[in-house]
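All remarks here apply to the structure that follows.
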Amino acid sequence: MDYKNMKFKISRGCDRGLSCHGCGRQDNQLNTYDWLADVPGNAESTDLVEVQFKNTRKGYYHNVNNLPLKKGDIVAVEATPGHDIGTVTLTGRLVTLQIKKANLKSADDIKRIYRIAKPVDMDKYHEAKSREHDTMIQSRQIAKNLGLQMKIGDVEYQGDGNKAIFYYIADERVDFRQLIKVLADTFHVRIEMKQIGTRQEAGRIGGTGPCGRELCCATWLKNFVSVSTNAARYQDISLSPQKLAGMCAKLKCCMNYEVDTYMEAGRKMPSKEVMLQTQDSDYYFFKQDILAGEVTYSTDKRMPVNLETISAQRAREVIEMNKRGEKPLSLLEDDKQKQPERPKDLLEGGDLSRFDRNKKKRNNKPNNRPRPQTKEGEQRNGDNRGTRNGHHRNNHGNRNNGQNRDNKPQQASQTRNQETATPAKQ
């Protein structure tokens with residue numbers, strides 16, 4: 001085989017098996033990957049199209065004009081009244097599955113797609129969207145002045161600007177008939193009030209959960225199932241409200257994801273009320289790891305003492321032996337005695353010299369402090385300085401180190417003789 005002239009293909013992005021037509025803008029919430037986008041005849045299998053609007057609001061429409069739509073196209077769709085502007089997020093067979101998941105009550109809820117959005121439509125759309133934030137602030141003040149116990153969380157204008165949807169949160173039933181009249185007179189648009197829960201509000205706003213990923217309600221979760229604290233008990237999760245609450249201040253939806261697995265694995269665990277009896281001591285339940293299938297027992301009922309961790313199968317075996325009146329030697333398998341723990345040496349492997357400080361090196365610079373010296377001392381200091389600096393000086397010039405050492409006693413004796421001889425002559 002000729003490897004030199006062989007042509008290799010480098011796969012990039014969607015060439016690794018993903019269809020580029022199935023991917024959409026990742027900034028859209030509830031984004032769905034169309035894994036049937038590259039299947040021949042998928043788009044022609046149905047005329048249903050999924051269109052997404054602001055945040056998590058989606059709608060389903062008929063492509064009656066047979067427009068060549070693909071994921072990401074901006075279209076003008078039928079609305080009441082006028083038209084709305086949205087983005088195509090799904091086409092083909094998967095739309096029928098999404099409609100079943102959305103629980104549409106009747107076929108009349110599915111309207112038509114007019115056309116692909118024109119520049120004139122986009123200008124009206126951007127003009128309407130620019131008024132949403134100011135409208136929300138004013139509407140909150142109006143509701144406060146009317147004394148209504150409600151919170152307006154978001155406002156969404158229709159693409160043509162003829163209608164506005166006010167999303168609000170309220171714990172009790174609210175009579176907002178007077179509010180609708182005041183809002184219509186203030187903003188001169190058709191008003192629609194839509195009540196949402198705190199979970200829907202968190203999904204519309206979006207954010208990052210304590211797990212480090214985007215919120216499930218903002219990415220894929222549509223149908224919210226009630227969550228109770230029993231799910232936390234089954235999974236041995238701490239019942240602290242701060243740990244169980246999500247971004248919406250409600251119980252986390254993710255606690256329901258694995259509760260069935262924990263319940264199935266929990267059936268294989270021994271009862272927490274049963275005491276295990278052995279020949280050396282009695283053991284009480286302390287804690288358990290459901291997924292690992294391990295149970296930890298303590299010799300004290302109220303505090304951890306002499307903890308022993310065994311498998312759930314071994315615990316059931318000991319329980320059966322206790323029912324027959326038998327007591328094993330220990331909780332360990334095959335009645336192995338637990339080896340006593342040896343005292344640990346904290347200094348094992350430690351270096352005793354780790355506390356020693358590095359001795360500072362002596363400074364070789366000469367000491368310049370003045371000292372009262374005699375002639376003999378001056379001569380000795382001169383010799384010492386010469387020795388330190390590597391230069392040996394005397395009255396007759398520079399000499400080597402050995403000569404200086406030999407001449408020191410001779411010079412000292414000559415000096416003493418001269419000092420004693422001078423007064424005798426006088």
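The values are calculated or read from the model by the stated rules, or taken from the named source; none is laboratory data. All values reported here derive from a predicted model rather than from experimental measurement. We place every Cβ from the backbone using ideal geometry, glycine too, and count neighbours over all the protein chains shown. Side chains included, ligands, DNA and RNA excluded: accessible areas come from the protein's heavy atoms. Shrake-Rupley method; radii C 1.70, N 1.55, O 1.52, S 1.80 Å.
Here is how the numbers come out for the structure above:
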quantity	calculated
Pairwise centroid distance, computed over Cα atoms, of the range 51-75 with the range 112-174, Å	20 Å
Area of residue 259 that stays accessible when all protein chains are in place (1.4 Å probe, Å², to 10)	20 Å²
Separation in nanometres of the label points that stand 7 Å from Cα toward Cβ, at residue 233 and residue 273	1.4 nm
Accessible surface ranking that places the most exposed of 262, 114, 167 first, with a 1.4 angstrom probe	114, 262, 167
Amide N of the range 289-313 lying under 12 Å from the label point, which is placed 7 angstrom from the Cα of residue 262 along Cα→Cβ	289-291
Residue 129-residue 182 FRET efficiency (beta carbon distance; Förster radius 25 Å; 0.05 resolution)	0.65
Alpha-carbon centroids, the range 281-334 and the range 76-109: separation in whole Å	58 Å
Positive minus negative residues near residue 291 (Lys, Arg vs Asp, Glu; Cβ under 12 Å)	-4
Heavy-atom accessible area ranking, 1.4 Å probe, most first, across 192, 44, 201	44, 192, 201
Percentage relative contact order, the range 193-314, counting C-alpha pairs under 8 Å, at least six apart	15 percent
Electrostatic dipole magnitude of the range 189-299 [Cβ: Lys, Arg +1; Asp, Glu -1; Cα centre; debye, to 20]	780 debye
Radius 11 Å from Cβ of residue 189, net charge of other residues (Lys, Arg +1; Asp, Glu -1)	0
Local electrostatic count at residue 136 - Lys and Arg +1, Asp and Glu -1, tallied over other residues with Cβ under 10 Å	-2
Solvent exposure, largest accessible area first (probe 1.4 Å, DNA, RNA and ligands not counted), of 255, 303	303, 255
